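The values are calculated or read from the model by the stated rules, or taken from the named source; none is laboratory data. The structure displayed is predicted, hence computed values, not measured ones. As a convention, Cβ positions derive from the backbone with ideal geometry for all residues, glycine included, and neighbour counts pool all protein chains shown. These area figures cover heavy atoms from the full protein model, side chains too; ligands, DNA and RNA do not enter into them. Shrake-Rupley method; radii C 1.70, N 1.55, O 1.52, S 1.80 Å.
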Amino acid sequence: MSDQSDSETGGPAEWWNGVYESEIAPPWDIGKPQPALVNAVGSDRLSGRVLDVGCGTGIHALWAATEGHTAVGIDFSKKGIEQARKNAEERGLNATFRVANALDFPNDIGTFDTVLDSGLFHAFQSEEREDYACELASIVSMGGRVFLVGFAAGAPEDGGPNPLTPDDVSTAFAIEWNVLETREVTFETRETSFPGLLAIVERV
């Protein structure tokens with residue numbers, strides 16, 4: 001793990017910076033947490049220190065903060081993080097946001113009991129997903145859980161997402177994790193909704 005992010009070195013983060021600088025909100029930024037993710041977590045399973053990974057404008061970290069949890073959001077887009085910090089300030093919420101790469105977490109990020117992933121896992125190529133699960137294992141406490149939601153079969157593949165199957169989840173999280181559940185859900189966007197897949201995995 002390192003302290004250097006793609007936003008500091010150029011690369012794909014520049015495209016995401018452009019997205020968050022636009023006057024038009026990106027389609028996945030629906031102004032509230034993904035309902036499927038909220039329903040899966042419930043009030044009793046959002047526990048301890050919470051990480052919103054690939055947080056964008058910080059929607060899920062801010063939701064965790066409103067529930068009284070210590071919340072951290074990371075994204076490799078500097079502009080996304082700037083917007084997340086602004087949103088936290090405007091709402092008077094205490095959440096920490098920092099630029100970081102989910103495939104190479106900073107050494108000082110600490111450990112977490114809950115991870116929320118809305119639309120990040122489905123953006124990785126298949127060979128990156130195991131790396132992601134390995135990185136998460138290094139920062140999630142034993143018994144901690146990752147709740148992730150992304151596009152499933154039947155959702156559009158243009159623009160970056162790679163629709164998920166239950167096998168994609170079980171393959172990526174085969175080591176140091178126990179897949180507790182995968183199920184079909186709805187993934188909402190600003191204009192419409194698409195078939196989605198929800199997964200809950202536990203650190204063992």
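Here are the numbers:
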read-out: Region 29-39, residues that are surrounded by fewer than 20 Cβ atoms within 10 Å (Cβ to Cβ) and touching an Asp or Glu at 6+ places or on another chain (Cβ under 8 Å); value: 30, 35
read-out: Residue within region 46-54 that is open to solvent by 40 Å² or more (accessible area, probe 1.4 Å), of a type in the set (Val, Ile, Thr), within 22 Å of residue 138 (Cβ to Cβ) and touching a residue at least 24 places away in the same chain (Cβ under 8 Å) present; value: no
read-out: Hits in region 145-178 (condition: within 26 Å of residue 110 (Cα to Cα), of a type in the set (Val, Ile, Thr) and open to solvent by less than 70 Å² (accessible area, probe 1.4 Å)); value: 146, 149, 169
read-out: Any hit, region 64-73, residues being part of a helix (DSSP H, G or I), surrounded by fewer than 21 Cβ atoms within 10 Å (Cβ to Cβ) and β-branched (Val, Ile, Thr); value: yes
read-out: Within region 1-28, tally of residues that are modelled with pLDDT under 70, open to solvent by 30 Å² or more (accessible area, probe 1.4 Å) and among the polar types (S, T, N, Q); value: 3
read-out: Cβ-Cβ under 9 Å pairs, at least 6 apart or on other chains, region 109-128 side under 16 Å from residue 187 (Cβ atoms), far side modelled with pLDDT under 95 and open to solvent by 60 Å² or more (accessible area, probe 1.4 Å); value: 118/28; 119/28
read-out: Residue list for region 179-204, filter: surrounded by 14 or more Cβ atoms within 10 Å (Cβ to Cβ) and closer than 19 Å to residue 139 by Cβ; value: 179, 199, 200, 201, 202, 203
read-out: Identity of the residue in region 119-144, closer than 18 Å to residue 166 by Cα and not in a helix (DSSP H, G or I), that ends up most open to solvent (accessible area, probe 1.4 Å); value: 125
